[in-house]
1. As a test of the formula, what do you get for the chain when each DSSP H run with n ≥ 4 contributes -39,500 (n - 2.57) and the sum is divided by the residue count, at 222 nm and rounded to the nearest 500 deg cm²/dmol?
2. In which sequence would Glu83, Glu210 go, from the one with the fewest C-beta neighbours within 10 Å to the one with the most?
3. Aspartates and glutamates near Lys55 by alpha-carbon distance under 12 Å, same-chain residues fewer than 8 away left out - which ones?
4. What FRET efficiency would be calculated for the residue pair Asp278, Thr2, taking the C-beta separation as r and a Förster radius of 45 Å, to the nearest 0.05?
5. Could you tell me which of rounded, prolate or oblate describes the stretch 195-254, using a ≥ b ≥ c as the square roots of the eigenvalues of the alpha-carbon gyration tensor, with rounded for a/c under 1.5 and, failing that, prolate when a/b is larger than b/c and oblate otherwise?
6. About its Cα centre, how strong a charge dipole does the stretch 242-301 have in debye, to the nearest 20, once Lys and Arg get +1 and Asp and Glu get -1 at the Cβ?
7. Quick one: Asp249, Asp117, Asp278, fewest Cβ neighbours within 10 Å first, how do they rank?
8. Can you say what percent of the DSSP beta bridges in the chain, counting only those with both residues inside, are antiparallel? Round to 5.
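Bear in mind these aren't lab numbers, they're just calculated from the coordinates by the rules spelled out. Keep in mind the model is a prediction, meaning the values are calculated, not measured. Neighbour counts run over all protein chains shown; Cβ positions are idealised from the backbone, glycine included.
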Amino acid sequence: MTAIATSGLTKRFPGGAGGWPLAGKRPGQLAVDHIDLDVPRNSVYGFLGPNGSGKTTTIRMLLGLAFPTSGTAAVLDVPIPAEANRVLHKVGSLVEGPAFYPFLSGYANLARYDAADRTADPRTARTRIGEALDRVGLLPAANKRFRHYSLGMKQRLAIAAGLLRPRELIILDEPTNGLDPQGTREVRALVRQIAADGTTVFVSSHLLAEVEQVCSHVGVMRTGKLVFQGSLPELRRTGAARVVVQTSDAEKAAKVLASLGLDNAQAADGEATATLGDAEPERVCAELVQAGVGVRGFAVAAPSLEDLFVGLTGEGFAIDG
């Protein structure tokens, strides 16, 4: 049971007339390179990667807004873009920021958005708009003009537009981008609420906090390639634990660790570290003491998510929202 499945999905941007690039892309640039997504239903799937790694281009192909160069994609078991009309009414989305009329109220904007949906029942529009606004916490600001909304309120209104009808899948492209901490918490809470109601959420981001606090599954992009895909526990298991020894003789401790076959033994600032591998921590500590190393502290540290992502992508990620 998958909400999104792709096979060899690829997007290459051609050169424009006279050799000029299209849409800011270099001629012939491979933006998405043969990726195989597998997004389980009822999951919160974090689509992670540095800016420019191909996340938004992938999302645009999933929504039928861009055509793949090769490969296939299916959303809710329906081929995209060939049969997009059969399924997109079941999908809500926020791509590249909210776009509304600044001089209209939140309610009036949603009313126009709903009227443009040929599959929506106009007789239930008032009720559905009110429910969508209430769901994102904007009912008290329904009559306030959009231009007076905070950035967080604008993001939540865009999500409300995606919730005007029952959805089986919500796709959000950087929903907390540019938000202050309060706005970020509001959007995060909303994502949890949507997922708790049984809707699959596919959220692209470069913020690790969204992964740790919201997502159950992760796909990591690097320069157009999908370099990891799986659950968060599976991601954590890809990293090697390290032993950390606090001592006044870090150089000697590092030599002992290396003599025990531990890789990457290093010493710095009263601390010796090494990759634990298959060694037993108890034996390592005993060997240090037997070698005359004064051990003030001994710990086994699992790699942080930041360490894992840097290892996968070669780039740092923003940690906070």
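1. Theoretical 222 nm ellipticity from helices: -9000 deg cm²/dmol.
2. Values: Glu83 13, Glu210 25.
Listed from fewest to most nearby Cβ atoms, that is Glu83, Glu210.
3. Asp33, Glu96, Asp173, Glu174
4. Values: r = 36 Å, r/R0 = 0.79.
Computed FRET efficiency for Asp278 and Thr2 comes out at 0.80.
5. Details: a/c = 3.31, a/b = 2.34, b/c = 1.41.
Prolate, because a/c is 1.5 or more and a/b exceeds b/c.
6. 80 debye
7. Sorted ascending by nearby Cβ count, the order is Asp278, Asp117, Asp249.
8. Bridges in the chain are about 65 percent antiparallel.
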